[in-house]
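> What follows is a single structure, and I will ask about it in a moment.
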Amino acid sequence: MQAKAQLEQQINAEIQAPSQTADTDPQETAEWLEAWDQILDEGNQQRITYLLNRLTERARFAGMNIPARFNTPYCNTIPVETEAPYPGDLEIERRIKSIIRWNAMAMVVQQNKKDPGIGGHIATYASIATLMEVGFNHFFRTTIGDEPGDFIYFQGHASPGIYSRAYLEGRLTLKHLENFRHELRGEPTLSSYPHPWLMPDFWRFPTVSMGLASLNAIYQARFMRYLENRGLIAPTDRKVWAFLGDGEMDEPESMGSLTLASREKLDNLIFVINCNLQRLDGPVRGNGKIVQELEAAFRGAGWNVIKVLWGRGWDPIFARDKTGILLRRMEECVDGEYQSFRAKDGRFLREKFFGKYPELAQLVADMSDEELWLLRRGGHDSIKVYNAYKRAFEHKDQPTVILAKTIKGYGLGPSGGEGRNLAHQSKKLDETDLVNMTDRFELPISDEDAKAAKFYVPPQNSPEIIYLQERRQTLGGSYLLREEKSDILDTPPLDFFKEQLAGSEGREVSTTMAFVRILTNLLKEKNVGKRVVPIIPDEARTFGMESLFRQVGIYASQGQLYEPHDADMFLYYKESKDGQILEEGITEAGSMCSFTAAGTAYSNYRIEMIPFFIFYSMFGFQRVGDFIWAFADSRGKGFLCGATAGRTTLNGEGLQHQDGHSLVLSSTVPTCASYDPAFAYEVAVIIQDGMRRMYQEMEDLFYYITLYNENYAQPPMPEGAEEGILKGIYKLKAGNGKAKVHLWGSGPMINEALRAQQMLAEQYKVHADVWSVTSYNELRRDALRAERWNRLHPAEEEQKPYITEVMEKTEGPIIASTDYMKIVPDQLAPWLGGLLVSLGTDGFGRSENREHLRRHFEINAESIVAATLSRLAREGKFNAKKAVQALADLGVETEGIDPAIA
Ligand SMILES: Cc1ncc(C[n+]2csc(CCOP(=O)(O)OP(=O)(O)O)c2C)c(N)n1
Ligand SMILES: [Mg+2]
């Protein structure tokens with residue numbers, strides 16, 4: 001009766017805990033316990049739970065402070081007598097695992113000998129090897145029928161072990177292993193960590209930045225259900241597995257969306273947390289217990305929790321223990337102690353752990369120090385791990401977390417930092433430890449080869465390779481991590497957007513409103529409509545998108561269980577099981593993960609999806625930049641739409657809302673094409689071409705488009721403007737005479753430029769042309785490309801950057817005004833021969849209206865005129881005194897504080 005024994009142990013442990021009151025009536029206690037035992041003996045566990053709940057409820061109702069308990073005892077969740085037998089050959093699997101361990105270690109050690117400082121990690125995989133191998137041999141499917149198989153988010157810095165297995169499976173060659181972290185030498189190579197950008201047919205998910213894997217995995221599992229519920233993919237029992245570090249769980253992103261997973265009943269999601277009790281510098285919770293802390297948090301968040309703490313060697317000791325002393329000792333030790341026990345030897349373990357209580361020491365008196373030392377932690381025991389995975393796999397209606405206790409650097413010996421604080425950083429093993437490792441894992445490697453950390457290459461016909469191949473065959477073949485195989489969409493032509501191309505006929509509308517029209521129409525479009533995924537973090541009304549609620553519905557896995565209060569209205573809040581909108585609530589990070597799941601669906605589900613993530617521009621790149629970077633690494637496609645853009649156009653909101661720099665941040669992401677359109681037709685042209693490039697031409701890039709909320713009349717598209725819009729600049733309105741000056745405007749600043757053009761002509765007889773600059777970033781990239789080519793081909797005719805082609809025949813200075821920082825136009829300075837004057841919104845925002853904000857930041861029409869005259873005066877083309885007078889006339893504050901530091 002292991003279950004009974006466990007319960008007793010728990011009760012004893014609790015009664016004996018110092019915080020509990022003493023037993024004041026032992027006879028009464030005995031009677032209660034007897035009654036209790038009777039039910040337990042009848043094997044009626046449900047009844048026990050029921051009674052406990054009723055008693056707790058009554059006590060609470062009576063006003064007693066019964067503390068909420070989310071912890072179970074510090075032992076395995078799965079009782080030994082309910083374990084399923086292991087379906088594989090343990091011995092041969094151990095040998096396979098040993099080879100993988102060895103080669104993973106050798107890869108890092110060799111590379112650091114060749115190239116000191118090149119880095120790599122050996123201790124993490126050493127701790128997670130069993131957790132991986134049970135998965136690879138029995139759970140991780142490459143395919144499910146014709147469908148892609150399970151998705152796995154690997155612990156990033158365990159990559160050497162994943163490579164090492166892929167080598168045994170025949171997916172990688174020895175050359176790859178030899179070139180780990182040597183990516184630039186023209187040979188087959190391996191990147192440091194999981195990077196789809198660098199290894200597109202290998203890695204699916206970039207995970208090494210701590211916290212990304214957890215959140216992305218949750219949203220991936222949810223997006224899988226979304227696709228199923230919308231009938232876009234066939235429902236399967238595919239799982240999303242996320243392997244995470246216990247230290248990594250401290251990242252707010254790691255635990256931030258646990259309740260989404262339970263609320264959505266994501267039983268397709270399994271977290272495996274490698275609780276080796278250590279992170280980089282030292283213990284994760286030296287003074288506490290990370291497993292218990294995580295258990296309480298996950299249980300409290302509604303997850304199914306399975307603890308795998310102790311290997312099977314402990315089972316007979318538990319069975320012998322009639323008083324619960326072993327569990328009690330386990331409960332009282334903190335993680336720092338557990339680490340110390342394993343950092344020494346069996347004698348130390350006996351003395352410090354078992355020796356604390358004579359009756360506990362007695363329990364293991366017949367075991368040698370060596371036997372004690374061989375007692376494993378649960379995460380190193382295939383049977384325990386298998387059972388946890390099996391339960392997790394079969395569990396319904398809840399996500400599962402497996403908390404597996406392991407040892408960091410398991411098997412690497414002292415120089416590899418086994419169980420020690422230095423484990424994470426160790427890259428070398430001394431020769432004794434290398435030889436010891438071959439002994440410990442019974443690897444047929446000579447001492448000489450071991451000392452040189454040579455790779456072990458098993459013959460193709462060895463039992464290990466045959467077994468491994470056979471296992472993989474039953475799971476759909478060698479584990480294929482990523483593929484690019486999807487349908488191609490027939491994206492709409494430009495005239496689909498005729499409404500935007502025609503202009504608004506004087507009606508004042510913002511580019512945000514124009515965008516919402518575009519989205520509304522796209523959702524109805526025959527080829528792509530069903531693939532569009534609007535993602536909004538609780539900001540739809542801000543952007544005027546509420547009409548979409550009714551049009552396509554808000555995705556809700558349970559449908560709508562209530563009648564919405566606005567049900568009688570045309571645009572009611574409609575939730576439905578096949579709803580199309582992902583209304584995420586206030587989580588930009590979560591929304592970004594949905595965007596990632598949708599934007600990489602082409603590779604993961606072989607189906608192109610077109611995500612539009614519309615957010616408050618300030619809370620995009622600045623807030624979730626690391627997720628966006630990972631999205632690019634994932635080769636994601638889609639449209640990021642930064643609404644309420646511009647430091648002065650979003651007025652009234654002040655410093656923390658007004659975005660003047662997301663275009664600087666977006667320029668740092670290599671696959672992100674950034675656009676800052678002024679007009680509805682520009683938005684249309686950019687989106688049309690973006691869809692063509694991403695979903696028809698299959699380019700791996702994505703878009704960042706700023707959307708503003710300033711209303712003005714939208715003009716029709718000038719003839720032939722498309723090329724310039726896409727490349728980044730076109731002439732919008734020529735001046736009356738030959739232009740001496742060029743005014744560049746982006747976003748709503750185009751209107752300030754147009755007003756300045758008129759003022760310059762009417763008041764100062766200066767002719768200027770106005771240009772719309774839709775993308776400084778794209779123009780710069782094009783110029784850099786051309787410049788590089790020219791640098792590398794000094795004898796050939798120079799290539800001309802587009803910006804040079806467009807501006808080389810013009811004369812005079814260029815005054816650029818933007819609602820973003822000056823650095824945005826300044827990007828083009830190298831190709832403009834000193835003619836550029838940038839006006840932008842450097843500095844903190846203010847709560848004010850647009851007029852005052854634009855004056856403050858010196859980007860309004862008056863400031864553009866002043867900057868023009870000032871510049872012309874410096875060039876001797878305008879009388880300096882008149883310029884001074886003009887500044888005064890224009891109301892330009894010349895002695896005030898610089899807004900950049902105000
Ligand atoms: C966001 C972020 N911060 C810091 C790091 C550097 N880093 C890499 S691994 C690591 C320790 C990881 O500890 P844990 O999650 O417990 O994994 P273990 O190696 O112990 O399995 C740190 C701090 C990182 N990769 N990402
Ligand atoms: Mg750890």
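The values are calculated or read from the model by the stated rules, or taken from the named source; none is laboratory data. Please read these numbers as outputs of a predicted model, since none were measured by experiment. No Cβ is skipped: glycine too gets one built from the backbone with ideal geometry, and neighbour counts run over all protein chains shown. SASA here: full protein model, heavy atoms, side chains in, ligands and nucleic acids out. Shrake-Rupley method; radii C 1.70, N 1.55, O 1.52, S 1.80 Å.
> Hey, what's the per residue convex hull volume over the C-alpha atoms of the stretch 173-253, in cubic angstrom?
Numbers: hull volume 11.1 nm³, N = 81.
In the stretch 173-253, the Cα convex hull volume per residue is 138 Å³.
> At a 1.4 Å probe radius, which order do Trp744, Trp197, Trp789 fall into by accessible area, largest first?
Of Trp744, Trp197, Trp789, the descending order of accessible area is Trp197, Trp789, Trp744.
> What range in the chain is the longest one free of trypsin sites (Lys or Arg not before Pro) that are in a loop by DSSP and have at most 11 other Cβ atoms within 10 angstrom?
In the chain, the maximal stretch lacking such sites is 542-737.
> Counting other Cβ atoms within 10 Å of each Cβ, which GluC sites (Glu not before Pro) in the stretch 710-774 have at most 10 and sit in a DSSP loop?
Working: sites: Glu710, Glu719, Glu722, Glu723, Glu752, Glu762; in loops: Glu710, Glu719.
Answer by residue number: Glu719.
> If you bin every alpha carbon distance in the stretch 670-713 into 5 Å steps from zero, what whole percent lands in each bin?
Final binned percentages: 6, 21, 28, 22, 12, 6, 4, 0.
> Note the per residue figure in Å³ for the convex hull of the C-alpha positions in the stretch 606-683.
On the way: hull volume 7.6 nm³, N = 78.
Residue-normalised Cα hull volume stands at 98 Å³.
> In whole Hz, with x marking every Gly and Pro, tabulate ³J(HN,Hα) for the stretch 482-490 from phi via Karplus 6.51 cos²θ - 1.76 cosθ + 1.60, θ = phi - 60°.
Running phi through 6.51 cos²θ - 1.76 cosθ + 1.60 with θ = phi - 60° gives 8, 9, 10, 9, 9, 6, 10, 9, 8 Hz.
> For the stretch 202-247, compute Rg over Rh where Rg is the Cα radius of gyration and Rh is the Kirkwood radius from the inverse mean 1/r over Cα pairs. Write out the running numbers ahead of the final one.
Numbers: Rg = 12.4 Å, Rh = 11.9 Å.
With Rh from the inverse mean 1/r over Cα pairs, Rg/Rh is 1.04.
> Could you work out the mean projected area of the convex hull around the alpha carbons of the stretch 780-902, in square nanometres to one decimal?
Mean projected area for the stretch 780-902: 9.3 nm², to one decimal.
> With angles folded into 0 to 90 degrees, how steeply does helix 463-474 sit against the dominant principal axis of the chain? Use alpha carbons for both and round to 10.
Here the helix axis deviates by roughly 60 degrees.
> Now, a different point. Give the residue from Asn304, Tyr467, Val824 lying farthest towards the positive end of the charge dipole for the chain; charges sit on Cβ (+1 for Lys and Arg, -1 for Asp and Glu) and the dipole is referred to the Cα centre.
Among Asn304, Tyr467, Val824, the one farthest towards the positive end of the dipole of the chain is Val824.
> Charges only on Cβ, +1 for Lys and Arg, -1 for Asp and Glu: so what's the dipole of the chain about the Cα centre, in debye to the nearest 20? Can you show the working numbers first?
Details: 102 positive and 124 negative charges, 219 e Å.
Rounded to the nearest 20 debye, it is 1060 debye.
> If R0 is 30 Å, what FRET efficiency do you get for Asp89 and Ser368 from their C-beta distance, rounded to 0.05? Don't skip to the end; give the middle numbers.
Values: r = 28 Å, r/R0 = 0.93.
The calculated FRET efficiency here is 0.60.
> Right, next: Work out the charge dipole of the chain with +1 on the Cβ of Lys and Arg and -1 on the Cβ of Asp and Glu about the Cα centre, then indicate which of Phe205, Ala684, Ala597 is farthest towards its positive end.
Toward the positive end, the furthest listed residue is Ala684.
> Can you give the accessible area of His182, probe radius 1.4 Å, in Å² rounded to 10?
Accessible surface of His182 is approximately 10 Å².
> Quick one: which residues, 5+ away or cross-chain, put their amide H under 5 Å from the amide H of Ser674? H built at 1.01 Å from N.
The answer is Tyr704, Glu778.
> A follow-up question, please. Could you tell me what a quarter of the Cα convex hull surface of the stretch 260-378 works out to, in nm² with one decimal place? Display every interim value, and only then the final one.
Numbers: hull surface 34.8 nm².
Mean orientational projected area (the stretch 260-378, Cα hull): 8.7 nm².
> If you bin every alpha carbon distance in the chain into 10 Å steps from zero, what whole percent lands in each bin?
2, 11, 18, 19, 17, 14, 10, 6, 3, 1, 0
> Hey, what did the chain get for relative contact order, percent, Cα under 8 Å, at least 6 apart? Before the final figure, lay out the partial values.
Values: 1719 pairs, mean separation 96.9, N = 902.
Worked out over the chain, it gives 11 percent.
> Write down the percent of antiparallel bridges among all DSSP beta bridges whose residues are both part of the chain, to the nearest 5. Kindly include the intermediate steps, with their values, before the conclusion.
Values: 10 of 67 bridges.
DSSP beta bridges in the chain are roughly 15 percent antiparallel.
> Ok, one more. Per residue of the stretch 783-788, what does 6.51 cos²θ - 1.76 cosθ + 1.60 with θ = phi - 60° give for ³J(HN,Hα)? Whole Hz please, x for Gly and Pro, Karplus curve as stated.
Using θ = phi - 60°, the values come out as 5, 5, 4, 5, 4, 4 Hz.
> Further question: Would you mind computing Rg(Cα) / (2.2 N^0.38 Å) for the stretch 104-175, counting N as its residues? Write out the running numbers ahead of the final one.
Working: Rg = 13.9 Å, N = 72, 2.2 N^0.38 = 11.2 Å.
For the stretch 104-175, the normalised Cα radius of gyration is 1.25.
> Would you kindly give the portion of the calculated P(r) for the stretch 426-539 that falls above 16 Å, as a percent of all Cα pairs?
Working: 5026 of 6441 pairs.
When all Cα pairs of the stretch 426-539 are counted, 78 percent exceed 16 Å.
> Continuing with the same structure: For a quick check of understanding: with a 1.4 angstrom probe and all protein chains in place, what accessible area in square angstrom does Asp568 have, to the nearest ten?
Answer for Asp568: close to 130 Å² accessible.
> OK, next. Mind jotting down the three principal axis lengths of the stretch 709-864 based on Cα atoms? Whole angstrom, largest first.
In descending order, the Cα extents are 54, 38, 29 Å.
> ³J(HN,Hα) across the stretch 619-630 via Karplus (A = 6.51, B = -1.76, C = 1.60, θ = phi - 60°), whole Hz, x for Gly/Pro?
Karplus-based 3J(HN,Hα) across the stretch 619-630 equals 9, x, 4, 5, 8, 10, x, 5, 5, 5, 4, 5 Hz.
> Quick one: Debye curve from the alpha-carbon atoms of the stretch 217-323 only, equal weights, vacuum; give me log10 I(q)/I(0) at q = 0.11, 0.15, 0.18 Å⁻¹ to two decimals.
With one equal scatterer per Cα and no solvent, log10 I(q)/I(0) is -0.46, -0.75, -0.95.
> Moving to a separate point now. Express the carbon and sulfur contribution to the solvent-accessible surface of the chain as a percent, rounded to the nearest whole number, probe 1.4 angstrom. Write out the running numbers ahead of the final one.
On the way: 18750 of 36980 Å².
Carbon and sulfur atoms account for 51 percent of the accessible area of the chain.
> Using alpha carbons only, what's the Rg to Rh ratio of the stretch 26-112 with Rh from Kirkwood?
Working: Rg = 24.0 Å, Rh = 18.5 Å.
Rg divided by Rh gives 1.30.
> Reachable lysines from Lys530, Cα under 30 Å, same-chain residues fewer than 8 places away excluded?
Lys239, Lys265, Lys396, Lys485, Lys498, Lys574, Lys577, Lys637, Lys727
> For Asn736 and Lys113, calculate 0.36 nm times their separation in residues minus their Cα-Cα distance, and state this gained length in nm to one decimal. Spell out each step's value before the answer.
Values: separation 623, 0.36 × 623 = 224.28 nm, distance 7.10 nm.
Taking Asn736 through Lys113 to full extension adds about 217.2 nm, to one decimal.
> Shifting gears a bit: Of Leu784, Leu468, which has the most accessible area with a 1.4 Å probe, and how do the rest follow in descending order? Before the final figure, lay out the partial values.
Values: Leu784 70, Leu468 0 Å².
Per-residue accessible area, sorted high to low, gives Leu784, Leu468.
> Can you tally the net charge around Gly840? Count Lys and Arg as +1, Asp and Glu as -1, for every other residue whose Cβ sits under 10 Å from the Cβ of Gly840.
Details: positive: Arg647, Lys822; negative: Asp819, Asp826, Asp842, Glu858.
Cβ neighbours under 10 Å give a net charge of -2.
> Antiparallel DSSP bridges in the stretch 233-388: what percent, to the nearest 5? Working shown, then result.
Details: 2 of 8 bridges.
So the antiparallel bridges amount to about 25 percent of the total.
> Hey, another quick one. Between Thr474 and Asn65, what is 0.36 nm times their sequence separation minus the Cα-Cα distance? Round to one decimal in nm. Working shown, then result.
Details: separation 409, 0.36 × 409 = 147.24 nm, distance 5.36 nm.
Length gained between Thr474 and Asn65: 141.9 nm.
> Going through the cross-link list Lys352/Lys384; Lys390/Lys454; Lys384/Lys408, which pairs have a Cα-Cα distance over 24 Å in this structure?
From the list (Lys352/Lys384; Lys390/Lys454; Lys384/Lys408), the Cα-Cα distance tops 24 Å for Lys352/Lys384; Lys390/Lys454.
> Enter the accessible area per residue of the chain (Å², integer; probe 1.4 Å; all protein chains in place). Present the calculation step by step, with values, prior to reporting the outcome.
On the way: 36980 Å² over 902 residues.
So the chain comes to 41 Å² accessible per residue, rounded to a whole number.
> Across the stretch 640-689, what fraction of all alpha-carbon pairs, as a whole percent, falls in each successive 5 Å bin from zero upward?
Pair shares across the bins are 4, 18, 25, 22, 20, 8, 2.
> Roughly how many nanometres apart are two label points built 7 Å out from the Cα toward the Cβ at Glu81 and Trp789?
Output for this residue pair reads 7.7 nm.
> I've got another one for you. Can you sort His157, His657 by 1.4 Å-probe accessible area, starting with the largest? Numbers along the way, then the final one.
Details: His157 20, His657 50 Å².
Largest accessible area first, the list is His657, His157.
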